[in-house]
Structure formats: C-alpha cells, structure tokens
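Only one structure is covered here, and it is reproduced in the block below.
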Amino acid sequence: AAAAALGFLPFGKTQSPEALLDIAARKVAEKWPFQRVEERFERIPEPVQRRIVYWSFPRSEREICMYSSFNTGAEDYTAVPGGTTV
C-alpha cells in the first residue's frame, strides 16, 4: 500500500517518462489561453501547437459540463409560465 501511495508500480511493470513536449505544453495550457500564445509568439512549430491545444481542453466530465454550460452573464433570458421571457 505504501508503494502505491508513493506512485511506484508493481514489480515487473515499467512506465515511460512523460515527453518534455507534453510537460511543457501542459504547463503553457494551464497558464495561458492558446490565443494569447499565438499572439505572443510569431512562429510556433505545428507539433507544439497541437500539444498545447490538446492540453487546453478539460479532462474530466465535470469540467466539460461546467465549460459547456458557461454563462457569460450577457442577457440571461428565463422563460416563465405563459410563454413570456423575463
């Protein structure tokens, strides 16, 4: 149990280290929107762009639901009985 808590794999199992490109792209995506990255840097290699975009999207179902139902606060119309809106 202690080995599992420390992140060790069972004996005989191996794990590949994460690619430096993925680590860097994930850190960029956590900190800045992709649009800002595009505006800031003139030339971004295609593989780097793809990994930043990949890591920019939410991973968990809860986060996906939260972002897909995001309300910007602009005109919030709520239907009321009788077909009118408020």
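For this structure, a couple of remarks:
- Among the candidates I64, I52, the residue that is at pLDDT 90 or above and either of a type outside the set (S, T, Y) or open to solvent by 100 Å² or more (accessible area, probe 1.4 Å) (or both) is uniquely I52.
- Qualifying residue in segment 26-42 (condition: more than 22 Å from the chain's Cα centre (by Cα) and modelled with pLDDT under 90): yes
- Any chance G73 is over 19 Å from the mean Cα position of the chain (by Cα) and modelled with pLDDT of 60 or more: no
- Taking the criterion of being of a type outside the set (G, A, S) and either surrounded by 14 or more Cβ atoms within 10 Å (Cβ to Cβ) or at pLDDT below 85 (or both), the residues of segment 3-21 that qualify are L6, F8, L9, P10, F11, K13, T14, Q15, L21.
- First in segment 21-36 and closer than 9 Å to I52 by Cβ and without any contact (Cβ under 8 Å) to a residue 60 or more places away in the chain, second anywhere and of a type outside the set (S, T, N, Q) and open to solvent by less than 50 Å² (accessible area, probe 1.4 Å), Cβ under 7 Å, 6 or more apart: A25/V48; A25/I52; V28/V37; V28/I52; A29/I52; F34/I52
The values are calculated or read from the model by the stated rules, or taken from the named source; none is laboratory data. Quantities reported herein were computed from a predicted structural model and do not represent experimental measurements. Methodologically, a virtual Cβ is constructed for each residue, glycine included, from the backbone with ideal geometry; neighbour enumeration extends over all protein chains shown. SASA here: full protein model, heavy atoms, side chains in, ligands and nucleic acids out. Shrake-Rupley method; radii C 1.70, N 1.55, O 1.52, S 1.80 Å.
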